[in-house]
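Colleague: Have a look at this one.
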Amino acid sequence: MKASIPLVLVAACSFSVSAGAQFAKTEDAIKYRQSAMFIQSQHVARLGAMASGRAPYDATAAVANAEVVAEISKLPWAGFGPGTEGGKAKPEIWQEQAKFKELSERLMSDTEKLLGAAKAGNLDALKAAMGPLGETCKTCHDTFRKK
(Lines give C-alpha, C1' and ligand atoms only; values in the text may rest on other atoms or scores of the structure.)
Protein backbone atom coordinates (compact mmCIF):
# COMPACT_ATOMS: atom_id res chain seq x y z
CA MET A 1 0.00 0.00 0.00
CA LYS A 2 2.77 2.48 0.95
CA ALA A 3 4.66 1.74 -2.27
CA SER A 4 1.70 2.91 -4.35
CA ILE A 5 1.66 6.39 -2.80
CA PRO A 6 4.84 7.54 -4.62
CA LEU A 7 3.43 6.18 -7.88
CA VAL A 8 0.25 8.15 -7.40
CA LEU A 9 2.26 11.30 -6.69
CA VAL A 10 4.38 10.81 -9.80
CA ALA A 11 1.27 10.28 -11.90
CA ALA A 12 -0.41 13.37 -10.44
CA CYS A 13 2.64 15.50 -11.10
CA SER A 14 2.88 14.30 -14.68
CA PHE A 15 -0.67 15.56 -15.34
CA SER A 16 0.14 19.00 -13.96
CA VAL A 17 2.77 19.75 -16.61
CA SER A 18 1.88 22.89 -18.54
CA ALA A 19 0.14 22.52 -21.87
CA GLY A 20 3.05 24.13 -23.68
CA ALA A 21 5.37 21.44 -22.39
CA GLN A 22 3.09 18.74 -23.82
CA PHE A 23 3.99 19.66 -27.38
CA ALA A 24 7.42 19.78 -29.00
CA LYS A 25 6.36 22.59 -31.33
CA THR A 26 3.55 25.13 -31.52
CA GLU A 27 2.44 23.48 -34.76
CA ASP A 28 1.93 20.22 -32.83
CA ALA A 29 -0.44 21.95 -30.37
CA ILE A 30 -2.35 23.57 -33.22
CA LYS A 31 -2.66 20.27 -35.10
CA TYR A 32 -3.74 18.49 -31.90
CA ARG A 33 -6.55 20.91 -31.07
CA GLN A 34 -7.70 21.14 -34.69
CA SER A 35 -7.74 17.35 -34.98
CA ALA A 36 -9.82 16.99 -31.81
CA MET A 37 -12.27 19.63 -33.04
CA PHE A 38 -12.48 17.95 -36.45
CA ILE A 39 -13.31 14.56 -34.95
CA GLN A 40 -15.85 16.16 -32.66
CA SER A 41 -17.49 18.04 -35.53
CA GLN A 42 -17.86 14.85 -37.56
CA HIS A 43 -19.76 13.13 -34.77
CA VAL A 44 -21.84 16.21 -33.91
CA ALA A 45 -22.80 16.44 -37.60
CA ARG A 46 -24.07 12.85 -37.51
CA LEU A 47 -26.19 13.65 -34.47
CA GLY A 48 -27.37 16.88 -36.07
CA ALA A 49 -28.43 15.02 -39.19
CA MET A 50 -30.59 12.72 -37.05
CA ALA A 51 -32.00 15.60 -35.01
CA SER A 52 -32.94 17.58 -38.13
CA GLY A 53 -34.39 14.64 -40.04
CA ARG A 54 -31.68 14.61 -42.71
CA ALA A 55 -30.77 11.09 -41.52
CA PRO A 56 -32.99 8.47 -39.93
CA TYR A 57 -32.95 8.40 -36.14
CA ASP A 58 -30.93 5.47 -34.82
CA ALA A 59 -30.78 5.33 -31.02
CA THR A 60 -27.74 3.04 -30.96
CA ALA A 61 -25.80 5.25 -33.38
CA ALA A 62 -26.86 8.34 -31.44
CA VAL A 63 -25.38 6.94 -28.23
CA ALA A 64 -22.17 5.84 -29.99
CA ASN A 65 -21.68 9.28 -31.54
CA ALA A 66 -22.58 11.14 -28.34
CA GLU A 67 -20.04 9.05 -26.40
CA VAL A 68 -17.31 10.14 -28.80
CA VAL A 69 -18.42 13.78 -28.63
CA ALA A 70 -18.46 13.78 -24.83
CA GLU A 71 -14.99 12.25 -24.61
CA ILE A 72 -13.40 14.33 -27.36
CA SER A 73 -14.80 17.53 -25.85
CA LYS A 74 -12.26 17.13 -23.04
CA LEU A 75 -9.23 17.06 -25.32
CA PRO A 76 -8.64 20.22 -27.37
CA TRP A 77 -8.02 22.52 -24.40
CA ALA A 78 -4.51 21.17 -23.77
CA GLY A 79 -3.60 22.53 -27.20
CA PHE A 80 -4.35 26.13 -26.16
CA GLY A 81 -1.54 26.63 -23.64
CA PRO A 82 0.81 29.62 -23.50
CA GLY A 83 3.00 29.80 -26.58
CA THR A 84 0.56 27.86 -28.78
CA GLU A 85 -0.95 30.88 -30.51
CA GLY A 86 -1.75 30.49 -34.19
CA GLY A 87 -3.86 28.48 -36.53
CA LYS A 88 -7.48 29.59 -36.60
CA ALA A 89 -7.35 30.70 -32.96
CA LYS A 90 -7.75 34.41 -32.32
CA PRO A 91 -5.36 36.11 -29.87
CA GLU A 92 -8.38 36.78 -27.65
CA ILE A 93 -8.13 33.18 -26.38
CA TRP A 94 -4.97 34.09 -24.51
CA GLN A 95 -6.20 37.57 -23.59
CA GLU A 96 -9.61 36.46 -22.27
CA GLN A 97 -8.71 33.20 -20.56
CA ALA A 98 -11.63 33.31 -18.10
CA LYS A 99 -14.22 33.61 -20.89
CA PHE A 100 -12.49 30.93 -22.97
CA LYS A 101 -12.37 28.59 -19.96
CA GLU A 102 -16.04 29.24 -19.22
CA LEU A 103 -17.01 28.33 -22.78
CA SER A 104 -14.80 25.22 -22.81
CA GLU A 105 -16.40 24.06 -19.57
CA ARG A 106 -19.86 24.79 -20.94
CA LEU A 107 -19.04 22.72 -24.03
CA MET A 108 -17.98 19.77 -21.89
CA SER A 109 -21.16 20.11 -19.83
CA ASP A 110 -23.32 20.36 -22.95
CA THR A 111 -21.73 17.24 -24.42
CA GLU A 112 -22.44 15.30 -21.21
CA LYS A 113 -26.07 16.44 -21.42
CA LEU A 114 -26.10 15.37 -25.07
CA LEU A 115 -24.86 11.94 -24.06
CA GLY A 116 -27.60 11.70 -21.44
CA ALA A 117 -30.18 12.70 -24.03
CA ALA A 118 -28.89 10.12 -26.49
CA LYS A 119 -29.05 7.45 -23.81
CA ALA A 120 -32.69 8.41 -23.16
CA GLY A 121 -33.37 6.79 -26.51
CA ASN A 122 -35.75 9.27 -28.05
CA LEU A 123 -35.41 11.81 -30.79
CA ASP A 124 -37.04 14.66 -28.87
CA ALA A 125 -34.43 14.43 -26.10
CA LEU A 126 -31.66 14.46 -28.69
CA LYS A 127 -33.15 17.51 -30.43
CA ALA A 128 -33.46 19.35 -27.12
CA ALA A 129 -29.80 18.73 -26.27
CA MET A 130 -28.47 19.72 -29.70
CA GLY A 131 -29.66 23.34 -29.42
CA PRO A 132 -27.59 24.38 -26.40
CA LEU A 133 -24.56 22.50 -27.72
CA GLY A 134 -24.81 24.27 -31.07
CA GLU A 135 -25.18 27.64 -29.36
CA THR A 136 -22.08 27.03 -27.23
CA CYS A 137 -20.06 26.03 -30.28
CA LYS A 138 -21.26 29.10 -32.20
CA THR A 139 -20.54 31.49 -29.33
CA CYS A 140 -17.01 30.18 -28.89
CA HIS A 141 -16.23 30.16 -32.61
CA ASP A 142 -17.69 33.64 -33.13
CA THR A 143 -15.60 34.97 -30.24
CA PHE A 144 -12.36 33.02 -30.52
CA ARG A 145 -12.00 31.52 -34.03
CA LYS A 146 -10.78 33.32 -37.13
CA LYS A 147 -13.13 33.06 -40.09
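The values are calculated or read from the model by the stated rules, or taken from the named source; none is laboratory data. Because the structure is a prediction, the values reported are computed rather than measured. Cβ sites come from the backbone with ideal geometry, for glycine too, and all protein chains shown count toward neighbours.
Colleague: Taking the stretch 100-138 as the region of interest, how many residues are more than 12 Å from VAL63 (Cα to Cα), touching a residue at least 24 places away in the same chain (Cβ under 8 Å) and either of a type in the set (A, V, I, L, M) or in contact with a Gly (Cβ under 7 Å, 6 or more places away or on another chain) (or both)?
Modeller: Qualifying residue count for the region: 5.
Colleague: Report whether or not ALA49 is touching a helix residue (DSSP H, G or I) at 6+ places or on another chain (Cβ under 9 Å), hydrophobic (A, V, I, L, M, F, W, C), assigned to a helix (DSSP H, G or I) and at negative phi. Before the answer, list the steps.
Modeller: Values: touching a helix residue (DSSP H, G or I) at 6+ places or on another chain (Cβ under 9 Å): no; hydrophobic (A, V, I, L, M, F, W, C): yes; assigned to a helix (DSSP H, G or I): yes; at negative phi: yes.
Here the answer is no, as ALA49 does not meet what is asked.
Colleague: Still on this model: Tell me the residue from ALA128, ALA89, ALA62 that is of a type in the set (A, V, I, L, M, F, W, C), modelled with pLDDT of 95 or more and surrounded by fewer than 17 Cβ atoms within 10 Å (Cβ to Cβ), please.
Modeller: ALA128 is the lone residue from the list that is of a type in the set (A, V, I, L, M, F, W, C), modelled with pLDDT of 95 or more and surrounded by fewer than 17 Cβ atoms within 10 Å (Cβ to Cβ).
Colleague: Which ones in the stretch 24-46 are of a type outside the set (A, V, I, L, M, F, W, C) and outside any helix (DSSP H, G or I)?
Modeller: The one that is of a type outside the set (A, V, I, L, M, F, W, C) and outside any helix (DSSP H, G or I): LYS25.
Colleague: Name the single residue that is nearest to the chain's Cα centre (by Cα) among those in the stretch 52-72 being assigned to a helix (DSSP H, G or I) and among the small types (Gly, Ala, Ser).
Modeller: ALA70
Colleague: Please count how many residues of the stretch 19-40 are surrounded by 14 or more Cβ atoms within 10 Å (Cβ to Cβ), under 19 Å from the mean Cα position of the chain (by Cα) and at pLDDT 95 or above.
Modeller: So the answer is 11.
For (1) under 29 Å from GLY83 (Cβ atoms); (2) touching a residue at least 12 places away in the same chain (Cβ under 8 Å), each residue gets a yes or a no:
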residue: ALA24; (1), (2): yes, no
residue: SER35; (1), (2): yes, no
residue: ILE39; (1), (2): yes, yes
residue: HIS43; (1), (2): no, yes
residue: GLY53; (1), (2): no, no
residue: PRO56; (1), (2): no, no
residue: ALA59; (1), (2): no, yes
residue: ALA66; (1), (2): no, yes
residue: ALA70; (1), (2): yes, yes
